[in-house]
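One structure is given here, and the rest of the page talks about it.
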């Protein structure tokens, strides 16, 4: 079992695909820039500015690092952003993303969120549920669905339905994603747990199958 698989097995959530992308950037720094992350940190400590933002600008202007690489090196060099490159750190941070998402006035939406997570797991036990700061996407190979608390009284349950042959019901509204090229093309507006019915389940199953 890989480190990422072992970490995911211990968590309610899966590791977000962006972590692999960011981790690859860090691991390939020497090949791409001539210095490893540790070596860039030594350069920053000896010659660079102290402030994270100034470090980012300095790396781009002085050393011609790309903006994404400079951003990551600067952030990690001041002890931030570990959850973006380390599977264990991401999985430790993920529950906090969800807690903050439903803090305060959105607390009443949390049972709906939990019911949608349970639905996802019942439809496809292999689904990866990967919280971000403002939404919780579901992955197969790509994003198939997402939970987003859009207002104080409504969660939008988005689905990736490009290629679906059946016409969606009226309550499954278009997001405009087909025209814009977004993965999420339709959404259910969910205001109560009772609205998470057989129709919602069926269209989640369709989204899962479309990404097969």
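Among the numbered criteria (1) farther than 20 Å from residue 20 by Cβ; (2) assigned to a loop (DSSP other than H, G, I, E, B); (3) over 13 Å from the mean Cα position of the chain (by Cα), which single criterion is violated by residue 61?
Just one mismatch for residue 61, condition (2).
Please state which one of 107, 70 is assigned by TED's automatic domain parsing to the domain that holds residue 127 and under 24 Å from the mean Cα position of the chain (by Cα).
107
Suppose we filter 163, 81, 158 for residues that are assigned by TED's automatic domain parsing to the domain that holds residue 14 and either surrounded by 18 or more Cβ atoms within 10 Å (Cβ to Cβ) or more than 13 Å from the chain's Cα centre (by Cα) (or both); which single one remains?
Every option except 81 fails the conditions.
Being touching a strand residue (DSSP E or B) at 6+ places or on another chain (Cβ under 6 Å) and not in a helix (DSSP H, G or I) is the requirement here; does residue 184 meet it?
For residue 184, the condition - touching a strand residue (DSSP E or B) at 6+ places or on another chain (Cβ under 6 Å) and not in a helix (DSSP H, G or I) - is met.
Select, from 128, 121, the only residue that is closer than 20 Å to residue 205 by Cβ and without any contact (Cβ under 8 Å) to a residue 12 or more places away in the chain.
None of the other options fit; the residue is 121.
Working only within the range 5-20, note down all residues that are within 19 Å of residue 81 (Cβ to Cβ) and modelled with pLDDT of 90 or more.
13, 15, 16, 17, 18, 19, 20
Of (1) part of a helix (DSSP H, G or I); (2) buried (at least 18 other Cβ atoms within 10 Å of the Cβ); (3) in contact with a helix residue (DSSP H, G or I) (Cβ under 8 Å, 6 or more places away or on another chain), residue 18 satisfies all except one. Which?
Just one mismatch for residue 18, condition (2).
Any residue that is outside any strand (DSSP E or B), under 19 Å from residue 14 (Cα atoms) and in contact with a helix residue (DSSP H, G or I) (Cβ under 9 Å, 6 or more places away or on another chain) - is there at least one of those in the range 148-157?
no
Can you confirm whether residue 108 is in a helix (DSSP H, G or I) and either surrounded by 14 or more Cβ atoms within 10 Å (Cβ to Cβ) or touching a strand residue (DSSP E or B) at 6+ places or on another chain (Cβ under 6 Å) (or both)?
Answer is no for this residue.
Going residue by residue through the range 84-91, is there one that turns out to be in contact with a helix residue (DSSP H, G or I) (Cβ under 8 Å, 6 or more places away or on another chain), at pLDDT below 95 and not in a helix (DSSP H, G or I)?
There is at least one residue in the range 84-91 that is in contact with a helix residue (DSSP H, G or I) (Cβ under 8 Å, 6 or more places away or on another chain), at pLDDT below 95 and not in a helix (DSSP H, G or I).
Does residue 115 count as closer than 29 Å to residue 51 by Cβ and part of a helix (DSSP H, G or I)?
So residue 115 does not fit the description; no.
Answer yes or no: is there a residue in the range 39-47 that is in contact (Cβ under 8 Å) with a residue 24 or more places away in the chain and within 24 Å of residue 130 (Cβ to Cβ).
The answer is no, given that none of the residues of the range 39-47 is in contact (Cβ under 8 Å) with a residue 24 or more places away in the chain and within 24 Å of residue 130 (Cβ to Cβ).
Restricting to the range 92-105, give me the number of residues that are part of a helix (DSSP H, G or I) and under 30 Å from residue 199 (Cβ atoms).
The total comes to 7.
The values are calculated or read from the model by the stated rules, or taken from the named source; none is laboratory data. Computed from a predicted structure; not experimentally measured. So basically every Cβ, Gly included, is an ideal-geometry build from the backbone, and we count neighbours across all protein chains shown.
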